[in-house]
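Structure, as structure tokens:
The values are calculated or read from the model by the stated rules, or taken from the named source; none is laboratory data. These figures come from a predicted structure and were not determined experimentally. Heads up, the Cβs are rebuilt from the backbone with ideal geometry, glycines too, and the neighbour counts pull from every protein chain shown. Keep in mind that these areas ignore ligands, DNA and RNA; they rest on the heavy atoms of the full protein, side chains included. Shrake-Rupley method; radii C 1.70, N 1.55, O 1.52, S 1.80 Å.
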Amino acid sequence: MSVSSAKPLSSRNWFSKASAGSVFGLGLTFAIAGIIGLLIHSDAMPMSASGQLLMWLIPTLWIAILGACFMFRSGLRAWAVLGALNIVLWGVFFTMRATFS
Amino acid sequence: MKIRADILRMYKDIHSWVGITAGLALFVAFYAGAITMFESPLQNWATRPVPVSSVALEKTPELLAKIFAAQPQAMKSYSVIVHPTPEQPARVMWAALSGQERVSRHKVYAGMDADGNLEIVHQDPPEIANFINVLHQRVGLPFPRAISRPIMGIIALLYGLALISGTLILLPSLAKDLFALRISHNVKRLWLDVHNVLGFFSLPFHIVMAISSVVFAFHEPIFAVEHWMLGKSSALHPPQVRHGGTQQSHTVLLTPEAILQSLKVQVPEFEPDTLNYAQGRGGKLALRVAGHDPRYALRGPDSGFAGVDPYTGKIVSTDYLPGHQTPAFAVTTWFFSLHFGSFGGTPVRWLYFILGLAGAFLFYTGNLLWVESRRRRERKTGLLHDTRATTILASLTIGCTLGCVAGISASFAANSFLPGGGSYAAIESVYYAVFLFMIFLAFVVGVQSHKQLLLAIAGVFTIAVPVVDILARPAVFLRSGALSLDGTAFFLGAGLILTAMKIHLRTQKRRCVQSDLSASPR
């Protein structure tokens, strides 16, 4: 991820990074799960195996993003990059859903 | 492995802050969770004998007919027990569940005497095993499920973050630090070594626990969002019709004996434990057979399930049937099973018990490290005494952890003399009374010099479990589970008391040396 060697990372701006990871990280995991769900034609029913596997995918990805979001240089950058990724992936998801159905 | 110094420092900070926020709740979750590995044997241990006659399996249809004539509401949902145990003492039983809370678990058992007269016995099962499971699920908080579940989920997320950051900061010095258990006078070094070894070797276990706990906390909203995102596509894929060929032609239920016979032919390795009948929508009766197969992972804490047509005996759903699942269902079953330790039988249960206790100890050492390094930093600035924050945290750490141990032991001891093993409210009050008392004590006596007092009290409560059990219900050796529980409690209690004595002797010695020094002529 974007790290400049000039300014060392620190935990001081943890809140802005962590909140970006929590909110946009969760949005991102849903978008990814949604795209995978469309690709495998999941109906996302709690009783179905694909629905359950997608459900398990979400906390796993979310925790991973939460762990990684501190590598952003600043909180602002975390919000910007994760936000942009959200827009792109949700866009992909809605486009795919519209074409599939 | 090299990691940049500023990144290491950042993750070290994150690790200590998430650790200190979540550590105490996780201690309770892991200590209670380790005990929950044996929820079913503990239920057998705690349950008092129920005065209900046993009924041979082949006489079950007669018994059922009499039950339905006397209590038609039982028809909606009832279970036929294949091998009655103390926990499930009658051939036929049904439950009066009050919502999802499982706080009242009133049970009704039915049997027949020698003359064929129907016997119906009501019982509130002892709540100790259930209480400890609920305590585990609520990370020790006394709030209702709706409040404590999301808190648990957040704690689990922090726990996941602690695992990532903890692993990262250990990586650079992994080879050097891992096998070095430096037992010296440097307490902080020793706690750190123990913390590293425990954390590293049980990392896979902890990853499973972190992810599955977030799932348990948030699966309902996640499914709701998933459904909103993907639900429409279900119109393209109509739900599969699972009930193959059950037309109205079969209106006579098969006897439980015939069901078991039919299952034996279809899935010879699956050992059925309970036949659960329930009326679904439209009054159609569905049968779910709970059972186990020691060679496979089980979806539930104790069982896998087969959906069976109660009229033909044909298996209609193998989604949760051990060894007959589709690969996708087998994968999700493994996720659950890795949390519940419901694979590989009793040895895995004991392994999980030990891993759970080790996990609890990991969080305890983590908190102690936090306190210890804070103390050092404060001493470096010239402070002679701990700041208030350090004192509060040290007291909370000792008070909560030993309070949880003492409280759970006290609840076990209470089971032996409370009527019927104790209602949920009674067990809950015993636990929280002891828990809060220990926290209070930690703050009053000061844990810096009186940690051993709390250790000793927790030890006495724990060793009281076997003592009370033997005194109150002397036929210990005849009761299932009693020996394992009493033995484990004895060793744990003795260990706590010995540790307390050791710390006491050490401080005594140090005090002697100090007074000698101050008494010696200058």
Computed about the Cα centre, the charge dipole of the protein assembly as shown from +1 Lys/Arg and -1 Asp/Glu charges at the Cβ has a magnitude in debye, to the nearest 20, of 2940
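Could you report chain B's accessible area per residue, 1.4 Å probe, as an integer in Å²?
Value for chain B: 49 Å² per residue.
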Expressed as a percent, the accessible surface of the stretch A:14-100 that is carbon or sulfur, using a 1.4 Å probe and the full set of protein chains, is 83
Expressed as a whole number, the average count of other chain Cβ atoms within 10 Å around the Cβ atoms of A:60-71 is 5
For B:342-351, B:401-410, ranked highest to lowest by mean beta-carbon neighbours within 10 Å, the order is B:401-410, B:342-351
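Ranking request for peptides B:494-502, B:455-463, B:281-289: highest mean number of other beta-carbon atoms within 10 Å first, then the rest in descending order.
Most protected by this proxy first, the peptides run B:455-463, B:494-502, B:281-289.
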Long-range amide H partners of B:ALA286, meaning residues 5 or more apart or on another chain whose placed amide H is closer than 5 Å, are B:ALA278, B:GLN279, B:GLY280
If amide H atoms are modeled at 1.01 Å from N in the peptide plane, then the residues at a separation of 5 or more from B:ASP273, or on another chain, having amide H under 5 Å from its own are B:ALA290, B:GLY291, B:HIS292
Carbon/sulfur accessible area of the stretch B:49-125, % of total, 1.4 Å probe, equals 55
Length gained if B:HIS385 through B:HIS106 is fully extended, taking 0.36 nm per residue and subtracting the Cα-Cα distance, is 95.0 nm
So, with points 7 Å from each Cα along the Cβ direction, the B:GLN73-B:TRP350 label distance in nm works out to 4.5
Full extension between B:ASP113 and B:GLU58 adds, at 0.36 nm per residue less the Cα distance, a length in nm of 18.3 nm
Note: B:7-14 gets an average of partner chain Cβ contacts (10 Å, Cβ to Cβ) equal to 5
Rounded to the nearest 10 degrees, the helix B:447-472 long axis (Cα) sits at an angle to the longest Cα principal axis of chain B of 30
For the stretch B:390-522, using Cα atoms only, the Rg and Dmax in Å read 18.2, 68
For chain B the translational diffusion coefficient, Stokes-Einstein from a Kirkwood Rh over Cα pairs at 4 °C and viscosity 1.567 mPa s, in µm²/s, is roughly 50
Helix B:388-417: inclination vs chain B longest Cα principal axis, degrees, rounded to 10, gives 40
Counting sequence-distant residues (5 or more places) and residues on other chains, those with an amide H built under 5 Å from that of B:VAL316 are B:GLY307, B:VAL308, B:ASP309
Expected integer from the mean partner chain Cβ neighbour count at 10 Å over A:7-17 is 4
Once both label points are put 7 Å beyond Cα along the C-beta direction, the B:ILE120-B:LEU478 separation in nm becomes 3.0
A correct Karplus calculation of ³J(HN,Hα) over the stretch A:41-52, with 6.51 cos²θ - 1.76 cosθ + 1.60, θ = phi - 60°, whole Hz and x for Gly and Pro, returns 6, 7, 9, 6, 6, x, 7, 8, 5, 5, x, 5
The lysines whose Cα lies under 29 Å from the Cα of B:LYS2, excluding any fewer than 8 residues away in the same chain, are A:LYS7, A:LYS17, B:LYS12, B:LYS176, B:LYS188
For the protein assembly as shown, the convex hull over Cα atoms projects on average to an area in nm² of 34.1
Computed from the beta carbon distance with a Förster radius of 56 Å, FRET efficiency for B:ARG511 and B:ARG281 to the nearest 0.05 stands at 0.15
Computed, not fitted: 222 nm per-residue ellipticity of the protein assembly as shown from DSSP H runs ≥ 4 (each -39500 (n - 2.57)), nearest 500, equal to -21500 deg cm²/dmol
Long-range share for the stretch B:49-125, i.e. C-alpha pairs more than 16 Å apart as a percent of all pairs, stands at 46
FRET efficiency (A:ALA84, B:ALA425; Cβ distance; R0 56 Å; to 0.05) is 0.60
Sorted by accessible surface (1.4 Å probe, heavy atoms of the protein chains only), largest first, B:LYS76, B:LYS2 come out as B:LYS2, B:LYS76
For chain B, longest principal axis from Cα atoms; helix B:60-70 axis from its Cα atoms; angle between them, nearest 10 degrees, is 90
